[in-house]
1. I'd like the full set of residues that are within 11 Å of the ligand (Cβ to nearest atom) and of a type in the set (Gly, Ala, Ser), limited to region 60-89.
2. Would you tally the residues in region 182-206 being modelled with pLDDT under 90 and of a type in the set (Gly, Ala, Ser)?
3. Would a scan of region 97-111 turn up a residue that is modelled with pLDDT of 95 or more, within 16 Å of the ligand (Cβ to nearest atom) and farther than 30 Å from Ala81 by Cβ?
4. Select from region 41-64 the residues that are of a type in the set (Ser, Thr, Tyr) and surrounded by 13 or more Cβ atoms within 10 Å (Cβ to Cβ) and list them in ascending order.
5. Do we have Glu170 as at pLDDT below 95, within 23 Å of the chain's Cα centre (by Cα) and in a helix (DSSP H, G or I) here?
6. Taking region 112-139 as the search range and keeping residues that are within 11 Å of the ligand (Cβ to nearest atom) and part of a strand (DSSP E or B), which one is surrounded by the most Cβ atoms within 10 Å (Cβ to Cβ)?
7. Would you please list the contacts, defined by Cβ atoms under 9 Å and residues six or more apart or on different chains, that run from a residue in region 154-167 that is within 9 Å of the ligand (Cβ to nearest atom) to a residue that is in a helix (DSSP H, G or I) and at pLDDT below 95?
8. Given the criteria in contact with a Phe, Trp or Tyr (Cβ under 8 Å, 6 or more places away or on another chain), closer than 27 Å to Glu149 by Cβ and surrounded by 12 or more Cβ atoms within 10 Å (Cβ to Cβ), does Val25 qualify?
Amino acid sequence: MQPFSQTHLLHLKNFKTELARFSAVYKFALDEMTTKINILKEEFQYIHDYNPIEHTNSRLKAPESILKKVLRKDLDFSLEAIRENIKDIAGIRVTCPFISDIYTLSSMLERQKDIEVIEKKDYIRNPKPNGYQSLHLIVKVPVFLSDREERVYVEVQIRTIAMDFWASLEHKIYYKYDKGIPERLSGELKAAADSAAELDRKMENIHKEVKELKNQDSLNLELLNEGDPDSILHSIFERYGLNIKGLPE
Ligand code: 0O2
C-alpha cells in the first residue's frame, strides 16, 4: 500500500472537518427551530393564557436513512447533492391540541423574517390516500458559524394529537408488515384515520363553543361592573374564590 502523502493527509483532514460540520449544522438548525417554537409556546401561554402546543420532538435523519434516500432519488454521493436534495435531514414534529392551532402556529412561523418557507404540503385539507394527515413545512433557517452563514433545510410537521396517534401506529404497522399489508387492512387503517379526523372535528367544535361561552362570560363581568377596574378585580376574586391575603393594601 502506498504511503499517504502530505496532500492526501490534508484532503482527509479537510473532508473530516467538512463531514463534522455537515451534520453539526443540522443539529444547530434544529436547536434554533426548537427555541423559536418554545418562545411562541411560552409567549402564547403568557399573553393568551392558552397553549397551542402539546409537545415537540426533533430528530436528525440517521446516516443509513440518508443513504437510502440518496439511492431512491438517484442522487450523486456527494455532500453537495445531499445538502440540496434531502430536505428532511433535520426534522421537527409539533403536536397541537386542535386543528386551528396547527394553522395558527404555521402562520406565526411563516411570518418570521429569518424563516424562508420553501414548500408547504397541507395533508389536512388534502389527506394522503391512506388517510395520513399533517401540515408539512420545508423551511430554510440561517445558522451562523464561526466563519460563515449557512441556510439550512428543516422539515416541520405539525399535527393534532389524534393525527399523531394514527401516524405513529400506522408507521409501526407499516414497517411490521414490511410494506405489504392486505387491502382489507389498509381499508381499516383508512377508516381509523377517518375516525381520528372526525374526533378532531368534534373536539374543535366543543373548543370553539366553550371559548365563545368564556368570552361572553368575561364580557358580562365587565358590563356588570361598568369597566371600573377595582370592581372588576373584586368580582374576579369573589367569583373564583381567590384569597387576597398577603397582597399589599
Ligand atoms: P421518517 O422516518 O419519519 O423521517 P420525501 O420522500 O420526503 O422527499 P415525500 O414523500 O413527498 O418526499 O414526503 P412527505 O409526503 O412530505 O413525507 C415526509 C414525511 O412525512 C415522512 O418521512 C413521514 O415522517 C411523514 N409521512 C408521510 N406520509 C406518511 C404516512 O403515510 N404515514 C406516516 N406514518 N408518516 C408519513 P420519512 O422520511 O418517510 O420517514
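1. Correct list: Ala62, Ser65.
2. Going through region 182-206 one residue at a time, the tally reaches 1.
3. yes
4. Narrowing region 41-64 to residues of a type in the set (Ser, Thr, Tyr): 46, 50, 56, 58.
Thr56, Ser58, listed by residue number.
5. Yes.
6. Residue satisfying both the conditions and the ranking: Leu135.
7. Trp166/Leu189
8. It is false that Val25 is in contact with a Phe, Trp or Tyr (Cβ under 8 Å, 6 or more places away or on another chain), closer than 27 Å to Glu149 by Cβ and surrounded by 12 or more Cβ atoms within 10 Å (Cβ to Cβ).
The values are calculated or read from the model by the stated rules, or taken from the named source; none is laboratory data. From a predicted model like this one, the values you see are computed outputs, not experimental measurements. Every residue, glycine among them, receives a Cβ derived from its backbone with ideal geometry; neighbour counts consider all protein chains shown.
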